[in-house]
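These notes concern the structure reproduced below.
FYI, it's all coordinate maths here, none of it is from the lab. Model, not experiment: these values are computed from the prediction. We place every Cβ from the backbone using ideal geometry, glycine too, and count neighbours over all the protein chains shown.
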Amino acid sequence: MAEPLWVPSERQKADANITAFMRRIADTYRIAVPDYATLWQWSVDRPEQFWPAVWDFVPVIGDKGGAPYLENPASMIDAVFFPRARLNFAENLLRRRDDGPAVISWREDGVKRAVTHRDLYDQVSVVRQALIGCGVREGDRVGAVLPTAPETLACMLAAVSLGAIWSSCSPDFGVRGVIDRLSQIDPKILFGVDGYAYGGKVHDAGARLAEIALGLPTLEHVVVLPYASPGAERPLDSKTVRFADFVRPYRPATIDFPRFPFDQPAFVLYTSGTTGAPKSILHGAGRALIKLLAEHILHFDLKAGDRFYYFTTTGWNVWYLLTAALGAGGVVLMYDGSPFHPKSDAIFDMADAEGMTVLGTSPKYLEAIRKLGLAPIRTHRLASLKVLLTTGAPLSADGFDYVYDGIKRDVRLSSISGGTEMVSTLANGNPIGPVWRGELQVRALGMKAEVYDEAGRPVLGQKGELVVTAPFPSRPLRFWNDPGDARYHETYFSRFANVWRHGDYAEITAHDGMVIYGRSDATLNPGGVRIGTAEIYRAVEELDEVVDSIVVGQDWQGDVRVVLFVKLREGHTLDDGLTRKIKWRVRDHATARHVPAKVIQVADIPYTINGKKVELAVRNLIHGRPVKNVGSLANPNALDHFRDRAELRSA
């Protein structure tokens with residue numbers, strides 16, 4: 001029988017935050033809570049008790065209000081958490097005003113900064129005053145095209161402290177991609193940057209920012225943060241001001257944080273938008289806050305002073321997870337630029353230099369450094385590293401092996417899964433439980449995640465639709481500009497009555513963990529049998545010859561056939577021998593039904609800026625259908641490799 005890859009020691013279990021939380025629950029409610037499974041079951045059966053207990057344990061700064069803490073619990077749509085609560089999201093992240101470190105920021109070009117809690121608080125104070133001075137009020141929208149930097153965090157906290165709504169894109173987004181997103185919410189003010197560094201190059205973004213501003217007619221002010229020397233002296237128009245001039249009239253002062261309702265709108269995030277207009281997802285301040293803090297404290301086991309890092313851009317929901325570490329007492333570590341520059345192991349250099357406690361990254365990054373032959377276990381101390389998180393795509397079983405063989409043996413590897421839709425997770429880590437190869441450790445507390453078969457019945461040990469069958473607080477408020485919530489209901493609630501359909505193809509394992517097989521709308525259906533794309537990637541991308549791949553279903557002779565596109569390592573060509581090797585690898589690691597009918601070599605694989613493969617866009621291309629919103633892609637030219645392929649016109 002297989003053994004777990006990692007098991008917590010008795011000391012680790014005793015010292016875990018979740019253990020203290022379980023003791024408090026047992027004492028408060030006079031119930032036995034011997035293990036995680038019992039705690040999870042109680043959390044989904046009694047959400048009206050669980051979430052107030054989380055509020056008190058964190059604790060959330062604010063007024064919790066009186067009971068009941070959950071109204072309309074039988075309705076996923078109409079359920080209301082903390083209906084009488086009052087809080088301020090920014091106040092919860094700005095808990096301290098001292099000289100201890102709040103943010104440590106690295107850039108790939110060598111610029112490093114340490115920002116204290118006092119520094120951050122004071123910068124939020126002056127930006128907040130400047131926003132008030134230019135007329136920003138509760139409910140106004142504040143847009144941003146900013147890098148992963150302390151100033152971005154300060155601007156975000158200043159906006160939401162006022163009750164304004166924040167929405168950001170990373171500066172490497174195309175002009176059209178930014179306009180397609182921010183134009184939906186009619187921002188009053190836009191924060192932008194004059195450039196950014198990536199891969200050893202400094203990119204001038206000033207002209208792009210000016211073009212974006214022209215496409216947002218509701219803007220009254222554009223504030224430009226300095227980053228790069230190119231374009232720094234570009235002439236400014238009448239509504240554009242440099243950041244230093246924007247805040248110059250103001251001095252740091254104590255912030256009088258107004259307290260807003262739990263459901264106060266705070267953030268707009270966007271879907272990838274590669275098959276249609278990006279959906280604008282509106283999140284509530286209290287909804288996001290309590291879920292993110294629960295994840296940091298109960299799932300990640302973050303303690304005061306721990307140093308939390310996640311590689312992310314400001315256009316991804318993980319940005320909010322990263323910054324929320326402040327509310328849990330952690331220090332936020334930021335890295336802006338390419339994680340492979342100036343060295344391919346730059347992130348591990350940062351981990352050693354800054355005492356990183358939690359390292360968050362993507363399976364794509366782990367696979368890339370594995371193929372580069374990196375073994376940080378031999379080159380770096382990683383003495384402080386306790387937890388390694390991955391998200392953005394399923395992590396293969398071989399990826400689990402690489403973490404323990406190539407990075408660190410005594411580390412808790414937590415592959416986590418959630419999404420932009422809930423700015424948090426459905427499946428997460430468990431500090432007091434084992435790590436099993438290829439599995440997400442547990443279903444997240446308070447999230448009644450289940451897997452449904454085609455008939456809408458919950459199943460264990462079988463693949464099916466990942467759903468949530470009970471209310472959860474981080475459910476988005478609505479989509480922006482969605483009359484009658486029609487698109488919102490169609491997206492999440494049209495398949496199963498009163499049940500959230502998340503859009504992943506998944507399985508709950510015998511260990512009560514989870515395996516994600518890919519997006520359910522990207523599953524393949526040869527012969528009417530559903531196949532998750534991740535199962536093919538797990539097999540193919542372990543081959544040394546294969547750098548990357550993407551798999552889609554092609555309509556063919558009244559059925560669907562599996563088509564696999566591969567990007568090969570330099571010096572390799574897809575010949576008959578390698579094609580047979582790929583097919584046998586898929587057959588051996590999955591099933592005969594997974595074996596692609598066609599294997600085709602391409603020069604590049606298209607990704608969103610947030611690092612996700614765009615299977616649906618490729619599927620549209622090979623069927624001659626248009627791909628919309630290519631501005632959301634990191635490498636839109638990669639789409640050209642999939643158009644009008646002669647190989648797809650023959651058996």
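Length gained on full extension, LYS581 to TRP556: 6.6 nm, using 0.36 nm per residue less the C-alpha separation.
At a threshold of 8 angstrom on Cα-Cα distance, excluding pairs fewer than six apart, so keeping six or more, what relative contact order does segment 67-199 reach in percent? Normalised by residue count, the contact order of segment 67-199 is 22 percent.
Just check segment 1-46 against the gyration tensor rule for me: Cα atoms, a ≥ b ≥ c as the square roots of the eigenvalues, rounded for a/c under 1.5, and otherwise prolate or oblate depending on whether a/b exceeds b/c. Spell out each step's value before the answer.
Numbers: a/c = 3.11, a/b = 1.59, b/c = 1.95.
It comes out oblate by the Cα gyration axes.
With 32 Å as the limit, the listed pairs LYS201/LYS567; LYS279/LYS364; LYS279/LYS567 all fall inside it between alpha carbons. Label reach from ALA397 (point 7 Å along Cα→C-beta): in segment 422-458, amide nitrogens under 19 Å belong to 434-442.
Normalising the average separation of contacting C-alpha pairs (under 8 angstrom, six or more residues apart) by the number of residues puts the relative contact order of the chain at 13 percent. By the equivalent-ellipsoid construction on the alpha carbon gyration tensor, segment 523-649 comes out with semi-axes of 21, 18, 14 Å, ordered largest to smallest.
Our summary gives segment 305-421 a relative contact order of 25 percent, counting only alpha carbon pairs under 8 angstrom and 6 or more residues apart. Once the C-beta distance of ASP544 and LYS201 is scaled by a Förster radius of 35 Å, the resulting FRET efficiency is 0.75 to the nearest 0.05.
Bridges between two residues of segment 89-342, per DSSP, are antiparallel at a rate of about 35%. Estimated from helical segments only, the mean residue ellipticity of the chain at 222 nm is -7500 deg cm²/dmol, where each DSSP H run of four or more residues counts as -39500 (n - 2.57). Treating the Cα atoms of segment 89-342 as identical point scatterers in vacuum, please give the log10 of the normalised Debye intensity I(q)/I(0) at q = 0.14, 0.18 Å⁻¹, two decimals. For segment 89-342 at q = 0.14, 0.18 Å⁻¹, log10 I(q)/I(0) is -0.93, -1.66. In this structure the amide hydrogen of MET334, modeled in the peptide plane, comes within under 5 Å of the amide hydrogens of ILE104, SER105, TRP106, none closer than 5 places in sequence on its chain. The label point for ARG259 and the one for ASP245, both projected 7 Å from the Cα toward the Cβ, are 4.1 nm apart. Secondary structure note: in the chain, about 55% of the DSSP beta bridges are antiparallel. Close amide-amide hydrogen proximity is noted between ASN88 and PHE260, each under 5 Å apart and 5 or more residues distant or on a separate chain (H modeled in the peptide plane; Pro and chain starts excluded).
Compared with the alpha-carbon gap, the fully stretched path from LEU372 to ASP186 is longer by 62.5 nm at 0.36 nm per residue. Solvent-free Debye calculation, one equal scatterer per alpha-carbon of segment 128-186: log10 I(q)/I(0) at 0.16, 0.22, 0.30 Å⁻¹ equals -0.50, -0.88, -1.20.
Within segment 506-651, DSSP assigns beta bridges of which about 80% are antiparallel (rounded to the nearest 5). Model label points for ARG487 and THR469, set 7 angstrom from Cα along the Cα-to-Cβ axis, are 3.1 nm apart. Other residues lying with their Cβ under 10 Å from the Cβ of SER384 contribute a combined charge of 0, Lys and Arg counting +1, Asp and Glu -1.
A Förster radius of 41 Å combined with the Cβ-Cβ distance from GLU211 to SER494 puts the calculated FRET efficiency at roughly 0.65. Based on alpha carbons, the Rg and Dmax found for the chain are 24.0, 71 Å.
The label-point distance for ILE132 and HIS511, in a model that sets each label 7 Å from Cα toward Cβ, rounds to 5.2 nm.
When peptides 76-82, 496-502 are ranked by their average number of other Cβ atoms within 10 Å per residue, the highest-first order is 76-82, 496-502.
Stokes-Einstein diffusion of segment 304-352 at 20 °C, 1.002 mPa s viscosity, Kirkwood radius from Cα pairs, rounded to a whole number: 187 µm²/s.
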